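Accompanying notes for the structure given below.
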Amino acid sequence: MIVFFLVCSIQVLAQQNQEINYDSDRTLKNEQRYPGALILSKVDNQVYFDHDGIEVWCDNAVFYKNANFFKAYGNIRMQQGDSVRMTSNYAEYNGNTEFAFASGNVRMERPQTTLETDSLFFDRIKQQAYYRSGGKVTDTASVLTSTVGRYYMDQDKYSFVNQVVVTNPEYTINSEQLDFYSESGHAYLYGPSTIESETSTVYCERGFYDTRADNGYFVKNSQINYDNRILKGDSLYFNRGKSFASATNNIRVIDTINDSRVTGHYAEVYRDKDSVFITKRAMAASLQDRDTLFIHSDTIMITGKPEKRIIRGYYDVRIFKEDQTGENPMSGRSDSIYSDQKSGLTKLINMSRFGNGKPVLWSGENQMSGDSIHLQSNTKTEQLDSLLVFDNAFLIQKDTIEGYNQLRGKELTGYFVDNELQKVVINKNTETLNYMRNEDSDLIGINKTLASSVEIFFNEQQIQDIYYYNQVDGTLTPEEDFPPNARQLQGFNWRGEERITSKESLFEGDPPLKLPKIKGIPLPDEPDEFFDEREDDDPLLNENSRLDPKVLKNQDLDSLKTKQEVQKDSIKNDPPATDSIKAKE
């Protein structure tokens, strides 16, 4: 065992102290200026160094053979296998620590990327390169720049920190810090980040982007801004090529032109088609003058240009319109809804095969129902103008004390003033049943009348006057003489328990909703410090280096933020990192 460990130790020591091989057309010495060094120069061929798989060519060099260290000058080329090629104006290399430094037009080439910087550190043992004085990486699709950068050769990964910018012909990324994988073109964004193009701006504080496929997903305060829409959600997916975006959980789609928004827990946006699809507790809210109209249904679709928006809602549609006073609420239900913002027309439709989605509308205490209901708004004032009820129109108003006032006919037309129902006209085969009271609200009888048409006027949501046209039959009958089983007209269906009285009650009765768990993007692991702590008599670049030893120290912004650093937010307001290479010579 002792022999085994001794042999292993000797092998390790030999590897650590493997001598640098060299070849030079001219070799000189100048003990006064470079004590203990060889001065190597090019005549026909460049000076050549070889050490444990790394090759270096240069025009001139100062080689400290006993220290296993050299400084190279002029037209430097450095190559490690087939994977790394680097050129610079100046370079240093310590064969004992396998640590290199290059400066002046540094260019490091990898199969997928090219790195350009003013100064670069290269640790061959860690297989990492590092700059902190600003650098540029050119990928097959993009150009990436940052103040600080670190390259992990084993992962083919760049980690950029501070003023990170990715420039692509189609977009520009700005980020606080970004990890970039050269082979795949995948980028991970950390901290406040934006992806801007002519047609959209993406913002996130943690995200993933495929720079070659031009798509990605984003979490933590993420949003996508189009020309006239803003999409927000717990998790966003974005595909630039298809002009498509989707959002999951707690989503909002804000229409910045029409002053409306849609909420829910899943949405899809097709920019080129000007369409939005939203489901899972979907609700559209549209500000109309001083009022707000809310539409809730299983699914909502919004299509068309801003000036021609069309809203469609499907399955168990519920609407609620409120004004600032709260005195004239209006609500309704239907199977489906169609709303054309250009014409101001809203249709409540029954598309159900089972007939259980028949439209119903409440204005104050008045319930109106029929096979379909059309609401017409004034496109200038955006206030309700009129309504039409087609086929089997039925108006019911609960009597102040007992029973129901009822009017039915083929069609119903209602007129609004200041969003309050003022007048109703029912045409074709109308039939009414009203509880008649005197000035003291005493019941004087029940009036049942048949007529060709009926005109009803309201005051403060209550029936004030009724006018009958072409009356066929009408009788006022004392209550005691009016049979209880005849006090409802054919088709009577009071649905007061379904009435929506507030924005919150739009969701009453909805089945429980279980949201999917969002798979987040973890923060990067805390990296090891690039510069190892070393004794003063064992420097990374030998005592003959042109660098001040203080330069080879880790600075505050040398590493990416970690989980602990994010929690403490310790470097949020730090100034940009800079690096000035101080020379001793």
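The values are calculated or read from the model by the stated rules, or taken from the named source; none is laboratory data. Keep in mind that what you see is a predicted model, and the values were worked out from it rather than measured. Positions of Cβ are backbone-derived with ideal geometry, glycine not excepted, and every protein chain shown enters the neighbour counts. The accessibility values were calculated without ligands, DNA or RNA, using every heavy atom of the protein model including side chains. Shrake-Rupley method; radii C 1.70, N 1.55, O 1.52, S 1.80 Å.
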query: Any residue at all in the range 212-221 that is more than 20 Å from Pro522 (Cβ to Cβ) and open to solvent by less than 10 Å² (accessible area, probe 1.4 Å)?
result: no
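Every residue in the range 134-159 that is open to solvent by 40 Å² or more (accessible area, probe 1.4 Å) and either more than 22 Å from Val56 (Cα to Cα) or modelled with pLDDT of 95 or more (or both), please.
Of the residues in the range 134-159, the ones open to solvent by 40 Å² or more (accessible area, probe 1.4 Å) are 136, 138, 140, 143, 145, 154-155.
Within the range 134-159, Lys136, Thr138, Thr140, Val143, Thr145, Gln155 qualify.
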query: Looking only at the range 419-439, which residues are in a loop (DSSP other than H, G, I, E, B) and either surrounded by 17 or more Cβ atoms within 10 Å (Cβ to Cβ) or of a type in the set (Gly, Ala, Ser) (or both)?
result: Asn419
- prompt: Would it be correct to say that Ser235 is without any contact (Cβ under 8 Å) to a residue 40 or more places away in the chain, among the polar types (S, T, N, Q) and part of a strand (DSSP E or B)?
  reply: no
field: Residues satisfying the stated conditions in the range 302-317, i.e. open to solvent by less than 70 Å² (accessible area, probe 1.4 Å) and either among the aromatic types (Phe, Trp, Tyr) or under 16 Å from Ile254 (Cα atoms) (or both)
entry: Ile302, Thr303, Gly304, Pro306, Arg309, Ile310, Ile311, Tyr314
Failed criterion for Thr400 (all others in (1) closer than 24 Å to Gly344 by Cβ; (2) open to solvent by 70 Å² or more (accessible area, probe 1.4 Å); (3) among the hydroxyl-bearing types (Ser, Thr, Tyr) hold): (1)
task: Go through the residues of the range 556-563 one by one and say whether even a single one is touching a Lys or Arg at 6+ places or on another chain (Cβ under 8 Å) and at pLDDT 85 or above.
output: no
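Got a sec? Which of Leu236, Leu287 is in contact with a strand residue (DSSP E or B) (Cβ under 9 Å, 6 or more places away or on another chain) and under 19 Å from Gln341 (Cα atoms)?
Details: Leu236 fails: under 19 Å from Gln341 (Cα atoms).
From the options Leu236, Leu287, the qualifying one is Leu287.
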task: Filter the range 92-104 down to residues that are closer than 12 Å to Leu547 by Cα and under 45 Å from the mean Cα position of the chain (by Cα), then give me how many there are.
output: 4
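Kindly indicate whether any position in the range 87-102 is hydrophobic (A, V, I, L, M, F, W, C) and open to solvent by 60 Å² or more (accessible area, probe 1.4 Å).
Let us first name the residues in the range 87-102 that are hydrophobic (A, V, I, L, M, F, W, C), namely 91, 99-102.
Filter again for open to solvent by 60 Å² or more (accessible area, probe 1.4 Å), leaving none.
No, there is no match, as no residue in the range 87-102 is hydrophobic (A, V, I, L, M, F, W, C) and open to solvent by 60 Å² or more (accessible area, probe 1.4 Å).
Name the single residue that is modelled with the lowest pLDDT among those in the range 257-310 being touching a helix residue (DSSP H, G or I) at 6+ places or on another chain (Cβ under 9 Å) and outside any loop (DSSP other than H, G, I, E, B).
First pass over the range 257-310, keeping only residues touching a helix residue (DSSP H, G or I) at 6+ places or on another chain (Cβ under 9 Å): 257-258, 274, 281, 283, 294-296.
If we keep only those that are outside any loop (DSSP other than H, G, I, E, B) as well, we get 281, 283, 294-296.
Details: Arg281: 93, Met283: 92, Phe294: 89, Ile295: 92, His296: 93.
Per the stated criteria, the residue is Phe294.
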query: Does Lys550 satisfy being out of contact with any Leu (no Cβ under 7 Å at 6 or more places or on another chain) and at pLDDT below 70?
result: no
message: Yes or no: the range 474-495 includes at least one residue that is at pLDDT below 85 and over 15 Å from Gly409 (Cα atoms).
response: yes
message: Going by what's in this entry, would Arg252 be described as in a strand (DSSP E or B), at pLDDT below 90 and either touching a Leu at 6+ places or on another chain (Cβ under 8 Å) or surrounded by fewer than 19 Cβ atoms within 10 Å (Cβ to Cβ) (or both)?
response: no
- request: Return only the number of the condition from (1) over 39 Å from the mean Cα position of the chain (by Cα); (2) in a loop (DSSP other than H, G, I, E, B); (3) acidic (Asp, Glu) that Asp528 does not satisfy.
  value: (1)
message: Suppose we filter the range 374-418 for residues that are over 27 Å from Leu287 (Cβ atoms), of a type in the set (Asp, Glu) and outside any strand (DSSP E or B); how many remain?
response: 2
task: Count, please, the residues in the range 463-512 that happen to be loosely packed, with under 10 Cβ neighbours inside 10 Å, in a loop (DSSP other than H, G, I, E, B) and either under 58 Å from the mean Cα position of the chain (by Cα) or on the phi > 0 side of the Ramachandran plot (or both).
output: 4
statement: Within the range 44-80, residues at pLDDT 95 or above and β-branched (Val, Ile, Thr) come out as Val47, Val56, Val62, Ile76
- request: With the checklist (1) open to solvent by 60 Å² or more (accessible area, probe 1.4 Å); (2) modelled with pLDDT of 85 or more; (3) charged (D, E, K, R) in hand, flag the one item Glu455 doesn't pass.
  value: (1)
task: Enumerate the pairs (first residue in the range 535-546 and on the phi > 0 side of the Ramachandran plot and part of a loop (DSSP other than H, G, I, E, B); second residue anywhere and open to solvent by less than 30 Å² (accessible area, probe 1.4 Å) and among the hydroxyl-bearing types (Ser, Thr, Tyr)) with beta-carbon separation below 6 Å, excluding pairs fewer than 6 apart on the same chain, so at least 6 apart or on different chains.
output: none
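Name the one entry in Glu170, Glu198 that is of a type in the set (Asp, Glu), over 30 Å from Arg281 (Cα atoms) and touching a residue at least 60 places away in the same chain (Cβ under 8 Å). Steps first, answer last, please.
Working: Glu198 fails: touching a residue at least 60 places away in the same chain (Cβ under 8 Å).
Just one listed residue meets the conditions, Glu170.
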task: Inspect all residues belonging to the range 533-546 and state whether any of them is of a type in the set (A, V, I, L, M), under 27 Å from Asp118 (Cβ atoms), touching a strand residue (DSSP E or B) at 6+ places or on another chain (Cβ under 9 Å) and at pLDDT 60 or above.
output: yes
statement: Picking from Ala247, Ala267, Ala282, the residue that is over 18 Å from Val317 (Cα atoms) and open to solvent by less than 20 Å² (accessible area, probe 1.4 Å) would be Ala247
